[in-house]
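Below is one structure, written out as structure tokens; comments come after it.
The values are calculated or read from the model by the stated rules, or taken from the named source; none is laboratory data. Source: prediction; values computed, not measured. No Cβ is skipped: glycine too gets one built from the backbone with ideal geometry, and neighbour counts run over all protein chains shown. For the accessible areas, the whole protein counts, side chains as well, though only heavy atoms, and no ligand, DNA or RNA atoms are used. Shrake-Rupley method; radii C 1.70, N 1.55, O 1.52, S 1.80 Å.
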Amino acid sequence: MRFLAICGSLRAASTNRILLEAFARHAPEGISVDMSGEIRDLPLFNPDQDGERRPLAVAELARQVDEADGLIIASPEYAHGIPGPLKNALDWLVSGSEIPNKPVMLVHASVRGLFVREHLSEVLRTMSTGLYPGAAFETHLVGKPSEEAREILDRPETREHIVRTLADFAAFAAGAGASATG
């Protein structure tokens, strides 16, 4: 099973990116987590350029989403909402065939991301994705230096939690895929 990880932050030392990298690093056998391209490279959404006229960076994101068995999204919360670059990326995918019925799991590098998870959930439901119903994976990494955040995510108990979460999401994605095609 292959998942695509999308980070909603443009920050170089993003704790959400570090979290997604830990999911990739600790993925159990049979599951891979690939980081998506940078959402910073996407132009601002323009419906006139959607469809066959999609810019190259948008077409690449759509290809990555299409080829993935599911998406794992980690995003900071800005002003109780979705960061603009992530919303822009989702807007580019809204009218395509790549994202409907795609299993999606939200993870968060903070325990204070309730609003962004609610907003993302609403947007993703509107886009007809299959939202993972399990408990949100969240850990407190906000304000921690990158090396400390990595050390926390590499601790045996956190690593085991990531493995269990990925296994549960893989089971959900396998079932969601079966129900989407069957």
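For the chain, the equivalent ellipsoid built from the Cα gyration tensor has semi-axes of 25, 20, 15 Å, listed from largest to smallest.
Three principal axis extents of region 31-83 based on alpha-carbon atoms, in descending order, are 34, 30, 15 Å. Extension gain, Glu98-Thr158: 0.36 nm per intervening residue step, less the Cα-Cα distance, totals 18.4 nm. The long axis of helix 156-181 is offset from the longest Cα principal axis of the chain by roughly 30 degrees. Quick one: what do you get for region 75-171 if you divide its Cα Rg by 2.2 N^0.38 Å? Scaled against compact globular proteins, the figure is 1.17. The Rg/Rh ratio for region 1-74 is 1.02, where Rg is the radius of gyration of the alpha carbons and Rh is the Kirkwood radius.
With the simple model of a label 7 Å out from the Cα in the direction of the Cβ, Asp66 to Ala12 spans 3.5 nm. Summed over the residues of region 35-182 and divided among them, the accessible surface reaches 50 Å² per residue at a probe radius of 1.4 Å. Nearest 10 degrees, 0 to 90: what angle lies between the long axis of helix 84-93 and the longest principal axis of the chain (Cα atoms)? On a 0 to 90 degree scale, this one is about 50. Here the accessible area is traced with a 1.4 Å probe on the protein chains. For the chain, carbon and sulfur cover 52 percent of it. Applying a DSSP loop filter and a limit of 13 other Cβ atoms within 10 Å to the GluC sites (Glu not before Pro) in region 34-93 leaves Glu38. Remark: the chain carries a charge dipole of roughly 240 debye about the Cα centre, counting +1 on each Lys and Arg Cβ and -1 on each Asp and Glu Cβ. Between the listed residues Ala59, Trp92, Leu114, the Cα displaced farthest toward the positive end of the dipole of region 59-139, a dipole computed from Cβ unit charges relative to the Cα centre, is found at Leu114.
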